[in-house]
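A short write-up of the structure that comes next.
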Amino acid sequence: MSITSLMPAYLQNLQPYESPSENAPEGMIWLNTNEYPTATKYELRFETLNRYPEVQPLAFRKRYAKYAGVNAEEVLMTRGADEAIELLIRTFCATLSDAVLYALPTYSMYGISAQTCGVDIQTVAPARDLKLNIDGLCRALRSEDRVKVVFLCNPNNPTGELLSRTSILKVLQAARDTIVVVDEAYIEFCPQASCADLIAQYPNLVIVRTLSKAFALAGLRCGVILAQKEVIGALRKVLAPYPVPEPVGAIALKALSDGGVAAMRQRVQLVIQTRRLLQTELQKLAGVRTVYPSETNFVLFSVDNPEAVYQTLWKKGVAIREPGSDKGVLRVSVGTIEECQTFIEKLRQVLKEVK
């Protein structure tokens with residue numbers, strides 16, 4: 001008997017998400033997963049771990065609602081943004097019947113999560129310069145009634161592109177009978193672009209956020225969904241019991257305090273300054289063809305022979321990301337100034353070695 005044969009057919013050939021940090025040598029410089037490069041410190045005591053935590057911590061929901069400009073009943077806490085993505089698909093898509101839709105290139109977990117749920121995937125090819133093809137996305141929405149969830153990453157991963165308010169409104173107008181998920185994982189780096197103020201106007205709008213990036217809490221695995229009360233109620237029907245461990249809720253609450261938000265905004269300014277330096281240095285390197293604009297904590301750039309560049313950098317102790325594209329692009333996270341300087345020097349060496 002083959003164990004694989006016991007799995008549903010739609011799971012048997014699924015390629016799982018793999019962390020690039022697995023089986024890596026010690027001493028690597030990690031510039032591949034868009035984390036904040038230095039740790040935040042929290043000192044907490046837990047004396048009630050014998051009890052189950054709140055299903056949805058009210059204090060956190062109130063505090064996040066104030067931060068995001070919504071109501072507490074419009075906030076749902078999840079185990080990272082990845083659980084939020086899968087939860088939305090499980091709630092609104094029927095297995096082996098419905099589909100999700102997104103424009104390429106974008107975050108790979110939209111497709112992986114759909115596959116794990118037996119939901120079809122429909123994609124729209126990129127526009128010029130790897131920009132998301134919003135007009136093509138709208139045409140697909142109008143022509144395909146199986147699409148129940150459409151994903152927009154804004155700013156987009158892996159390109160760093162920021163969608164205009166006009167583009168998002170176009171999608172919302174085209175998707176009147178479809179859940180529109182705007183993934184704002186990187187919104188703290190450009191808060192003026194958030195769509196949270198549109199929730200009251202669009203009952204099918206869902207915003208996904210995380211504390212992993214600007215809040216420097218990737219290890220906490222804390223995500224947030226913002227949507228109208230009816231959507232939140234539907235999601236809670238599917239959400240696993242007690243999804244938020246008490247330490248996660250307590251640390252997240254501290255991160256959303258006035259002091260925590262102020263510290264986050266200071267981190268954002270440092271990242272933006274370092275990102276600009278990184279972009280400037282990349283543009284100086286012979287062999288770097290294009291450095292893409294970014295409103296995030298990472299930079300996309302193109303080179304000849306990206307696979308060889310990626311592999312050689314890895315051997316030299318610097319981990320970046322090869323997001324997969326026929327445009328020859330690589331993605332580097334914004335680390336500390338020292339890490340970015342080391343990356344630039346190593347890349348300069350590699351570009352001379354790899355032809």
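One line per residue, one yes/no per condition, for (1) in contact with a Phe, Trp or Tyr (Cβ under 7 Å, 6 or more places away or on another chain); (2) free of Cβ contacts under 8 Å to residues at least 60 places away in the same chain; (3) not aliphatic (A, V, I, L, M):
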site: L132; (1), (2), (3): no, yes, no
site: I179; (1), (2), (3): yes, no, no
site: I199; (1), (2), (3): no, no, no
site: V206; (1), (2), (3): no, no, no
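Being open to solvent by 50 Å² or more (accessible area, probe 1.4 Å), part of a helix (DSSP H, G or I), without any contact (Cβ under 8 Å) to a residue 60 or more places away in the chain and within 23 Å of G260 (Cα to Cα) narrows it down to one of K62, K41, so name that one.
Numbers: K41 fails: part of a helix (DSSP H, G or I).
The conditions single out K62.
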field: Odd one out for I187, checked against (1) touching a Phe, Trp or Tyr at 6+ places or on another chain (Cβ under 7 Å); (2) surrounded by 24 or more Cβ atoms within 10 Å (Cβ to Cβ)
entry: (1)
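Within region 288-307, identify whether any single residue is open to solvent by less than 60 Å² (accessible area, probe 1.4 Å), in a helix (DSSP H, G or I) and among the hydroxyl-bearing types (S, T, Y), and answer yes or no.
Residues of region 288-307 open to solvent by less than 60 Å² (accessible area, probe 1.4 Å): 288, 290-292, 294, 296-303, 306.
Cutting the leftovers down to in a helix (DSSP H, G or I) gives us 306.
Adding the requirement that they be among the hydroxyl-bearing types (S, T, Y) leaves none.
No - not one qualifying residue is present in region 288-307.
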query: What pairs can you find where one residue is in region 308-337 and touching a residue at least 12 places away in the same chain (Cβ under 8 Å) and polar (S, T, N, Q), the other is open to solvent by less than 50 Å² (accessible area, probe 1.4 Å) and in a loop (DSSP other than H, G, I, E, B), and their Cβ atoms are less than 7 Å apart, with a gap of 6+ or different chains?
result: T312/V354; S325/P105; S333/L31; S333/N32; S333/T33; S333/N34; S333/N297; T336/P37
- line: V150: passes all of (1) in contact with a helix residue (DSSP H, G or I) (Cβ under 6 Å, 6 or more places away or on another chain); (2) in contact (Cβ under 8 Å) with a residue 40 or more places away in the chain; (3) of a type in the set (A, V, I, L, M) but (1)
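Report yes if V244 is open to solvent by less than 40 Å² (accessible area, probe 1.4 Å) and touching a Lys or Arg at 6+ places or on another chain (Cβ under 8 Å), otherwise no.
On the way: open to solvent by less than 40 Å² (accessible area, probe 1.4 Å): yes; touching a Lys or Arg at 6+ places or on another chain (Cβ under 8 Å): yes.
Yes, satisfied.
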- prompt: Does region 177-218 hold any residues that are modelled with pLDDT of 95 or more and acidic (D, E), and which are they?
  reply: D183, E184, E188, D197
field: Flag if L76 is closer than 14 Å to I121 by Cβ, outside any helix (DSSP H, G or I) and not hydroxyl-bearing (S, T, Y)
entry: no
message: What's the total number of residues in region 91-132 that are more than 20 Å from D145 (Cβ to Cβ) and within 19 Å of the chain's Cα centre (by Cα)?
response: 15
message: I'd like the full set of residues that are more than 17 Å from the chain's Cα centre (by Cα) and either in a loop (DSSP other than H, G, I, E, B) or surrounded by fewer than 16 Cβ atoms within 10 Å (Cβ to Cβ) (or both), limited to region 196-233.
response: D197, I199, A200, Q201, Y202, P203, N204, Q228, K229, E230, G233
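The values are calculated or read from the model by the stated rules, or taken from the named source; none is laboratory data. Computed from a prediction, not measured in an experiment: that's the story for all the values here. Reconstructed Cβ throughout: ideal geometry from the backbone, glycine too, with neighbour counts over all protein chains shown. Just so you know, the surface numbers come from the protein's heavy atoms only, side chains and all, with ligands and any DNA or RNA stripped out. Shrake-Rupley method; radii C 1.70, N 1.55, O 1.52, S 1.80 Å.
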